[in-house]
Amino acid sequence: MSLLRCVAGVIALARPINNANTIQTQRHFKRWVSPTLRELAHRVKKQGPQKPEPRSGFVEWNYRSELFAFGKRLNEEFQLPLLQTAFTQSTYAHREQERQRKLGISEADLQTADNSQLAAKGAHIAKAYVEAYLQHALPKVPSAGHQAIASYLLSTETLAHVSTHLGTRELIFSTEYPPSSETLAQTMQAIIGALADSSGVERAFLFVRDFICTQLNQKDLLEIWTPEQPLQLLSEVCTQRQLGEPEPRLLGDCGKNTVLAAFQVGIYANRQLLGKGFGENLQTATETAAIDALQTVFEMHENRRPFDFRMQLEAKNVKLG
């Protein structure tokens, strides 16, 4: 009996069910759809690449809401007028003043603030905090190394990279679109200045730490700062720290007098190995070993302790001028 039920069930499923409650729909395309789409694609291709348009040109764009959302995304409290000023470039402000003047608007209403002053203030705050942070995070690195790393963090490329990923591109008032790296970097500095005026310098310090200093995460410091004349610098450092006179020694070589020659040199001080390196000749191997020794002395190796990005520096530890 159970077998008959199974067979009956299979036959029932195999038959199409056509009743009043079943709606069968089929998709049909008119013959004119395909030629129309091909013609439109051909016209777009013939017209060439489209010039990028700012997001503010869309109908549903609400600039005030975007400014408010920008601060909330960063978990920061901005005064909206200051934040709007931070996004206004001087070229845009001058163009707006000229346009208003042509429309006959009185001189009293022509004042359009730009971000020049905020950018100068933000650059000063960022520079002061980055230098203080590097002194605490890399205490054994000399001032030349601190300056090179600080220059990297405060460079136009780094600031523009951070500014772009914070979503400032569509909020900037500028005469150019897309904005250049210089414009993005200046806007980033102006945002720091606006945050300092809105929530205090301490919040601006934390902002710099969280978004600029963190660019050192998993970064090879040797790519940022490579000491010139490393053997001479190592000798000076060893003398200052009373480590003894560094002495390069040949540890091994192979393939002499061939294009595949390789030498291994070690740097010793007080019978302790400070570093070693390889090279196609003795001079290159010695310089490589000296750089490796400097990394050991300055604690700049890739396997060093990670940077502490939760470090909080008090205002008295940061010199603002």
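Here are some notes:
Per-residue answers, yes or no, for (1) among the aliphatic types (A, V, I, L, M); (2) under 15 Å from the mean Cα position of the chain (by Cα):
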residue: ASP210; (1), (2): no, yes
residue: LEU221; (1), (2): yes, no
residue: LEU233; (1), (2): yes, no
residue: GLU236; (1), (2): no, no
residue: GLN242; (1), (2): no, no
residue: PRO248; (1), (2): no, no
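- Residues in region 289-306 that are more than 20 Å from LEU134 (Cβ to Cβ) and out of contact with any helix residue (DSSP H, G or I) (no Cβ under 6 Å at 6 or more places or on another chain): ALA289, ASP292.
Residues checked against (1) of a type in the set (Phe, Trp, Tyr); (2) farther than 30 Å from GLN240 by Cβ; (3) touching a strand residue (DSSP E or B) at 6+ places or on another chain (Cβ under 6 Å); (4) surrounded by fewer than 17 Cβ atoms within 10 Å (Cβ to Cβ):
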| site | (1), (2), (3), (4) |
| --- | --- |
| TYR129 | yes, no, no, no |
| LEU138 | no, no, no, no |
| VAL141 | no, no, no, no |
| LEU159 | no, yes, no, no |
| GLY193 | no, yes, no, no |
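- GLY277 satisfies every condition listed in (1) touching a Cys at 6+ places or on another chain (Cβ under 8 Å); (2) part of a strand (DSSP E or B) except (1).
- Of residues in region 100-127 being closer than 27 Å to ILE191 by Cβ and exposed (fewer than 12 other Cβ atoms within 10 Å of the Cβ), the one modelled with the lowest pLDDT: ASP109
- Test: residue in region 165-180 that is without any contact (Cβ under 8 Å) to a residue 40 or more places away in the chain and part of a helix (DSSP H, G or I): yes
- Residue match in region 57-69 (condition: modelled with pLDDT of 80 or more, surrounded by 10 or more Cβ atoms within 10 Å (Cβ to Cβ) and over 19 Å from ILE172 (Cβ atoms)): no
- Selection over region 163-191 of residues that are open to solvent by 10 Å² or more (accessible area, probe 1.4 Å) and farther than 14 Å from ALA123 by Cα gives a count of 16.
- Of all residues in region 131-142, those that are of a type in the set (Gly, Ala, Ser) have Cβ atoms under 9 Å from Cβ atoms of residues that are modelled with pLDDT under 90, 6 or more apart or on another chain, in ALA132/LEU313; ALA132/ASN317; ALA132/VAL318; ALA132/LYS319; ALA137/PHE307; ALA137/ASP308; ALA137/MET311.
- From the list TYR152, TYR133, TYR177, the lone residue that is closer than 30 Å to ALA113 by Cβ and among the aromatic types (Phe, Trp, Tyr) is TYR177.
- Filtered residue count, region 258-271, keeping only those that are touching a residue at least 12 places away in the same chain (Cβ under 8 Å) and either under 22 Å from GLY244 (Cα atoms) or of a type in the set (Phe, Trp, Tyr) (or both): 8
- Within region 228-257, restricting attention to residues that are out of contact with any Phe, Trp or Tyr (no Cβ under 9 Å at 6 or more places or on another chain) and touching a residue at least 60 places away in the same chain (Cβ under 8 Å), the residue that is surrounded by the fewest Cβ atoms within 10 Å (Cβ to Cβ) is LEU233.
- Test: ILE267 is in contact with a strand residue (DSSP E or B) (Cβ under 6 Å, 6 or more places away or on another chain) and under 30 Å from TYR152 (Cα atoms): yes
The values are calculated or read from the model by the stated rules, or taken from the named source; none is laboratory data. Everything quoted here is computed from the prediction, not taken from an experiment. Heads up, the Cβs are rebuilt from the backbone with ideal geometry, glycines too, and the neighbour counts pull from every protein chain shown. Keep in mind that these areas ignore ligands, DNA and RNA; they rest on the heavy atoms of the full protein, side chains included. Shrake-Rupley method; radii C 1.70, N 1.55, O 1.52, S 1.80 Å.
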